[in-house]
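One structure is given below, represented as structure tokens, and several questions about it will come after.
The values are calculated or read from the model by the stated rules, or taken from the named source; none is laboratory data. Please read these numbers as outputs of a predicted model, since none were measured by experiment. A quick note on method: Cβ atoms are made from the backbone with ideal geometry, for glycine too, and the neighbour counts reach across all protein chains shown. We work out accessible area using only protein heavy atoms, side chains counted, and drop any ligands, DNA or RNA first. Shrake-Rupley method; radii C 1.70, N 1.55, O 1.52, S 1.80 Å.
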Amino acid sequence: MSERPFGDEPTQPGGTPGGGPTYQPYPPPGGYPAPQPEPYPAGALYQAPQPTNGLAIASMVTGIVCVAAAFALCGVGGILGIVPAIMGHVARGQIRRDNQAGDGFALAGVIIGWISFVVALIAIVVFVVILGAMFSPFYDSPGSGGRGVSV
């Protein structure tokens, strides 16, 4: 048995099976030279992005948390502001050494960390001064008639 159940396809005078017209391919263009690719300068094609230093990102995030803690916990949480400041300094050193991205993150962590640390110190000093004034022996009590208690 043949693979074609109805026999061979009829051919037309053009010589193609099925009776379709024959097409000739376009002749090659004459008189124009083939286009040449333009040379690119070395290194301009693609440069891989620099990896961002993870410690720099951690420094910035930790600094933001410390600022929030400095205000929320009356300055006590801001004492931890030294952590993002140190992390930011270390990250900036790594960024320079390893040619990484993220120097802005590290710098933000340093600045925010030191600001939260200073705010925390100021808040603690103010708190201690207020407590010291309240409980000092020279505090005038309302019932003493303006006389301070002396030791």
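Within the stretch 49-75, can you find the residues that are among the polar types (S, T, N, Q), open to solvent by 40 Å² or more (accessible area, probe 1.4 Å) and outside any loop (DSSP other than H, G, I, E, B)?
The answer is Thr52, Thr62.
Counting only residues that are among the charged types (D, E, K, R) and closer than 14 Å to Ala58 by Cβ, how many does the stretch 90-116 have?
Total meeting the criteria: 1.
How many residues does the stretch 118-130 contain that are free of Cβ contacts under 8 Å to residues at least 40 places away in the same chain and open to solvent by less than 60 Å² (accessible area, probe 1.4 Å)?
Total satisfying the criteria: 0.
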